[in-house]
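See below for the structure under consideration.
The values are calculated or read from the model by the stated rules, or taken from the named source; none is laboratory data. Fair warning: this is a prediction, and the values are worked out from it, not measured in the lab. Methodologically, a virtual Cβ is constructed for each residue, glycine included, from the backbone with ideal geometry; neighbour enumeration extends over all protein chains shown. When the accessible area is computed, the model is the full protein with side chains, heavy atoms only, and any ligands, DNA or RNA have been set aside. Shrake-Rupley method; radii C 1.70, N 1.55, O 1.52, S 1.80 Å.
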Amino acid sequence: MHLKYESQLREPLVYGNKTYAQVTEDIVRPIEAKPSRLWYIGFFIAVTLLMFGAYSVYREVTYGIGQWNLNKTIGWGWDITNFVWWVGIGHAGTLISAVLLLFRQGWRTGVNRAAEAMTIFAVMCAGQFPIFHMGRVWMAFFVMPYPNSRGPLWVNFNSPLLWDVFAISTYFTVSLLFWYSGLIPDFATVRDRAFTKLRKKLYGIASFGWTGSTKHWQRHESLSLVLAGLSTPLVLSVHTIVSFDFATSVIPGWHTTIFPPYFVAGAIFSGFAMVQSLLIIVRKVFGLEDYITIGHIDLMNKVIVLTGSIVGIAYLTELFMGWYSQNKYEGYTFWYSRAYLFSPYGWSYWGMMACNVLSPQIFWSRKMRRNVFVTFFMSIIVNIGMWFERFVIIVTSLYRDYLPSSWSVYYSPTIWEIGFYVGTFGLFFTCFFLFAKYFPVIAVAEIKYVLKRSGESFKPGMEKIEAQELESFVHDQAHAH
Amino acid sequence: MAQKKFVVGCFDDEAVLFPAVKQVRAAGYKIKDVYTPFAVHGLDHALGMRETSLHTAGFIYGITGTTTAISCISWIFTKDWPLNIGGKPHFALPAWIPIIFELTVLFAAVGMVLTFCYLCQLAPGVKKHRFHNRATDDLFVMVIECSDKTNTDDLKALLSSNGALETDVQIAEDGWWFGTYDNDNDNLYNNKQLA
Amino acid sequence: MASIKEQFEIPGKLKTWSYALIGVGAVALLYGMFTKGFSTDEHEQVHFWGTLMYNTIFWTLICNASMFFLCFNTMAQAAWMQSFRRIAEAISTLVPVFGAITFAVLIYVVVSDKHHIYHWLDAEAVAKDPILKGKSGFLNPTFFIIWTTLAIVLWSYFGYRMRQLSNEADVAPMDNETAKAFNIKSMVRSGFFLVWFGLTVASTIPWLWLMSIDAHWYSTMYSWYTFASSFVAGMSLLAVWLIYMKNKGYMELSNSEHLHDLAKYMFAFSIFWTYLWFSQYMLIWYANIPEEVVYFKHRVQGPYKPIFFLNLIINFLAPLIILMKRSAKRNFTLVAFMAVLIMFGHWIDFYQMVMGSLMKEHVSLGWLDFGVLSFFVGVMILMVARALASKPLIAKYHPFLKESVIHHT
């Protein structure tokens, strides 16, 4: 057994005087209790939005893409902007789970479950856009790689759009597996304390017959580690491939080699912002402040300022290269269509800069990082900024083609385009509300794992170790094994 | 499926559990398993379990995915239906890397999860005997299978003297079967005050 | 163990080796300088100065990677590397040394108007070339000299400040308040380094020093790619030193757990490097725009083809296959071998980045390259050993040291 010790400098990850049983009680209780009035109101609003989205999609499917304001040369507009935005948000969950697991960051335990759930719902939302953008959505199965009945013609494996199909579906599958394999032991916990028949039955089925055997835990650990190891490059690959949709082309503003890592950094950035928005609400509504602490929020804000700055370097790199390349078209796109405030879409570029690069810099201040209201506000700002980023990339590169004769008029979305976007919010929050009600929103087993090392009430017991001379400490440790 | 006899000892602290495991094993008993609410690091070694080779299986699945992707795409694009796409060679390997990578990950992940479920007999609808309902809450439940010669009283005494909070003898099914949990009456909190 | 060896005594053999390497290197360097560097033949000049450039830039950047490693770990409040932080500090003391050499070489190249290396130095050609003329706001000797000076001086200075602060952990046990203040101070100081690092290594410096060799060509990825290359080599250098010190009986507090994590860095960042390599290559290959593919044309299809593939085999395939297994990452011999291989691989990568642009017709890899390399390796060994001997090997009272001692992966 390893020594349960950590430096006194570290903030507790679990506050309060907690035992293992208390952890179970705190986290599982909301599942067993009746949902609050707030939950019903939120759920109702989410479903309403979903219905509106469904109707918007119905219009689009019935009457065609003409229901949207896409036109030459803006063939991609809100739909693909929203697609990339949602996919980006869908990155933080797996990142928190996988990368932070590999880096042994104990604080991931408080937030990983909800973040993973968010990932899955965000990817579900993202998937809607390219599918319905096809127009004839009943033909969507054409993307499947099989020798189809229209002659032995295959899908184009050289096309980034097909890579996307593979990337997003793989990402969705693997995230789901990763999430669910973590949920199995927690479902067993819910099952074993359930007192209604229905709950016993359903959580019994969901827990796959988990018992907590040591051998099973050993395999479970191995599985989690390997899935984390696989997910890490997978997360990178997904947004990389999304960036390839743009960067493999020869359109000024799209064809730039920094796109892959820069998209990934942006995705992590927006994903963490979304996690912040959701968790700040969840911890309040379910009274989980002991588990999702200010320390967690502080750390996530650090990630936000880091990724925001990386994204900032990438923006400036692109802008610089727009000039440095001395390529007229690149220069025009970057310095006129984007960076010139009074060009038709200049506002969106500066909106993006303000939201993504400048405003997160306030998180250099510890006081700001630990302020819940500021964090919540900033998380919304960042997500608006990241939406602008995709809008900037897509629309400002498209609206003025090489020839002035193919310059399009000002693009603004129709109500059904907006409705579709709003509808995905409905889908996202409907799923999230259901998740928050019926699933353990915090990984119970993992909190128990870090409890005795990082729990507030266990900290005083470590003072003796803290004061110990290094030599004798090393000596003790050498004999402990 | 066979009914077997087990001696069960429950502990509430890992720090007590580890020495107990050592003592019980030293006394010559074979511990069937310890059921814990979370992954207790080092317990598998203390029980003398060998390392799992699940990751090796994952590696093999991954390689399978890589091979599948490379062979399928190259066959399709060089033999079955070669197309000129953007003037690129038919064998356009750089353009296939993304899909090759995705399939590698997909095969490895799906294969591993299925293998994991198979090895641990986990599936929707599977049911197993639970020695103690709080094993998924806050107890570490040590289970020792009895042979004909086992003196259950001695064993219980040994467990108690090593810090077990409660001990008992159970006759239970050793394997798994299909079933649901809704008819179980062994309520978890019958021996614990509910707030 | 009775006590922890805190004082490193430089073994005589290490000294002998480093002097021998420096000797061999100096001979090659001087011979090269007089036969090639000061030759009237421009081709020879380019060969010599180019070789010196990629070596010195490579070594400066990989030593700087150690300080980057320290700083971001400090920022992340990581504990695991505290048991061998003094090795990283020792390596980073080379930044001013190699930085000075880099500075001398680059300034010489710019001031003596070596426009066969930097085409943008040729005033006549620039006047006639609208693209280069347009770039002259960035590619001009004045800015080059100012920015180079600033970069090197500030890396050295911020690194020095970090090392100074680290000395405070040698003095006396810290109570909670002192430790807190120390921790915050460390984070502030590493913040300065990281921001400057982002503005230089992750953006401007590789454009200026390396990318501008192909004065017309550009790639937005270039700096991040260079960073990844130097960082993974830097981690390997750190691993080599850690293993050497372990072998000599020092660094008792670091064990296979720490090695495991360091090897994970080598593994993960080899893949990360490949990822950036692939992204840059594939996008240029896919779009097939003449002004961009010109960079890869002779590298993939010309004389540099073997180097091009060697680069991928050493820096991607080898780490991927060999370091994947957990037991490999915990094996001191194997990790030492891989670390040397990876450093060599990224040295080759820098070779092709510079020489592949300067001498497109043939691969000149030969005595000069290995001679100069030997000089730098010799200097590196000697200086790192001295730096290690100059202060305790363990930051004894560092607030995170005990966590590092019980670190397990």
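Each residue of the stretch B:45-56 was assigned a 3J(HN,Hα) from its phi angle through the Karplus curve 6.51 cos²θ - 1.76 cosθ + 1.60 (θ = phi - 60°); the sequence is 6, 4, 7, x, 7, 7, 5, 7, 10, 4, 5, 5 Hz, with glycine and proline shown as x. Summed over qualifying helices (DSSP H, 4 residues or more, each -39500 (n - 2.57)) and divided by its residue number, the protein assembly as shown shows a 222 nm mean residue ellipticity of -20500 deg cm²/dmol. Rounded to whole numbers, the Karplus 3J(HN,Hα) couplings from phi for the stretch A:311-325 are 4, x, 4, 5, 4, 5, 4, 4, 4, 4, 5, x, 8, 4, 4 Hz, using 6.51 cos²θ - 1.76 cosθ + 1.60 with θ = phi - 60°, and x at Gly and Pro. The stretch C:243-271 to the stretch A:252-273: how many Å between their Cα centroids? Taking the Cα centre of each part, the stretch C:243-271 and the stretch A:252-273 sit 33 Å apart.
Around the Cα centre of chain A, unit charges on the Cβ atoms of Lys, Arg, Asp and Glu (plus for the first two, minus for the last two) sum to a dipole of about 1080 debye. For the stretch A:206-254, chymotrypsin sites (Phe, Trp or Tyr not before Pro) meeting the loop criterion (DSSP other than H, G, I, E, B) and having at most 13 other Cβ atoms within 10 Å: none. Over chain C, Cα pairs under 8 Å with separation of 6+ residues give a relative contact order of 35 percent. For chain C, a crude dipole built from +1 on the beta carbon of Lys and Arg and -1 on the beta carbon of Asp and Glu, taken about the Cα centre, is about 1020 debye to the nearest 20.
Determine the shape class of the stretch B:54-119: with a ≥ b ≥ c the square roots of the Cα gyration tensor eigenvalues, call it rounded for a/c under 1.5, and otherwise prolate if a/b is greater than b/c, oblate otherwise. Taking the square roots of the gyration eigenvalues as a ≥ b ≥ c, the stretch B:54-119 is prolate. With viscosity 1.567 mPa s and temperature 4 °C, the Kirkwood radius over alpha carbon pairs of the stretch C:2-160 converts through Stokes-Einstein to a diffusion coefficient of 70 µm²/s. Amide H to amide H, which residues 5 or more places from residue B:90 or on other chains are under 5 Å from it, using H placed in the peptide plane? Distant-sequence amide H within range of residue B:90: zero hits.
Taken over the stretch C:191-232, the alpha-carbon convex hull comes to 62 cubic angstrom per residue. For the residue pairs B:88/C:325; A:4/C:264; C:133/C:305; A:464/C:185, the C-alpha atoms sit more than 27 angstrom apart in B:88/C:325; C:133/C:305.
In whole angstrom, how far apart do the alpha carbon centroids of the stretch B:1-37 and the stretch A:418-433 sit? Using only Cα atoms, the two centres lie 50 Å from each other.
Taking only C-alpha pairs under 8 Å that are 6+ residues apart, what is the relative contact order of chain A in percent?
Numbers: 646 pairs, mean separation 159.5, N = 481.
After rounding, I find 33 percent.
Answer rounded, prolate or oblate for the protein assembly as shown, using the Cα gyration tensor with square roots of eigenvalues a ≥ b ≥ c: rounded when a/c is under 1.5, else prolate when a/b is larger than b/c, else oblate. Please report the intermediate quantities before stating the final value.
Numbers: a/c = 1.86, a/b = 1.25, b/c = 1.49.
It is oblate, given that a/c is not under 1.5 and a/b is not larger than b/c.
With the charge dipole of the stretch C:22-397 set up from +1 on Lys and Arg Cβ and -1 on Asp and Glu Cβ about the Cα centre, the Cα lying farthest toward the positive end among the listed residues C:131, C:357, C:100 is that of C:100. Put the Cα centre of the stretch C:151-215 next to the Cα centre of the stretch C:104-129 and the gap is 32 Å.
The residue among A:111, A:55, A:43 whose Cα reaches farthest toward the positive pole of the charge dipole of the stretch A:36-150, with charges on the beta-carbon of Lys, Arg, Asp and Glu, is A:111. Put simply, the convex hull of the Cα atoms in chain B casts, on average, a shadow of 17.2 nm². Counts of other chain beta carbons within 10 angstrom of each beta carbon in peptide B:28-41 average 6.
Pairs exceeding a 28 Å alpha-carbon distance, out of B:22/C:329; A:18/C:402; A:201/B:4; A:328/C:297; A:34/A:201; C:248/C:396: B:22/C:329. For the stretch C:69-81, putting each phi into the Karplus relation 6.51 cos²θ - 1.76 cosθ + 1.60 with θ = phi - 60° gives couplings of 4, 4, 5, 6, 5, 5, 4, 7, 6, 6, 10, 4, 8 Hz, in residue order, rounded to whole numbers and with x for Gly and Pro. Relative to the dominant Cα principal axis of chain C, helix C:141-167 is inclined by about 10°. Compared with the dominant Cα axis of chain A, that is its longest principal axis, helix A:470-480 is turned about 80°.
With the convex hull drawn around the C-alpha atoms of the stretch C:22-397, the volume per residue stands at 135 Å³.
Ignore the peptide's own chain and count Cβ atoms of other chains within 10 Å of each Cβ in C:392-401; give me the average, rounded. Please report the intermediate quantities before stating the final value.
On the way: counts 0, 0, 1, 0, 3, 1, 2, 5, 4, 4.
So the per-residue partner count for this stretch is 2.
Give me the dipole magnitude in Debye, nearest 20, for chain B about the Cα centre, with unit charges on the beta carbon: positive for Lys and Arg, negative for Asp and Glu. Don't skip to the answer; put the middle values down first.
Values: 16 positive and 21 negative charges, 130 e Å.
In total the dipole reaches around 620 debye.
Note on the protein assembly as shown: dipole from Cβ charges, positive end direction compared against C:303, C:155, B:62; the farthest Cα belongs to B:62. Keeping all protein chains in the complex and leaving out DNA, RNA and ligands, what accessible area do you get for residue C:341 with a 1.4 Å probe, in Å² to the nearest 10? Surface accessible to solvent at residue C:341 totals approximately 40 Å². The Kirkwood hydrodynamic radius of chain A, based on inverse pair distances between different Cα atoms, is 24.3 Å.
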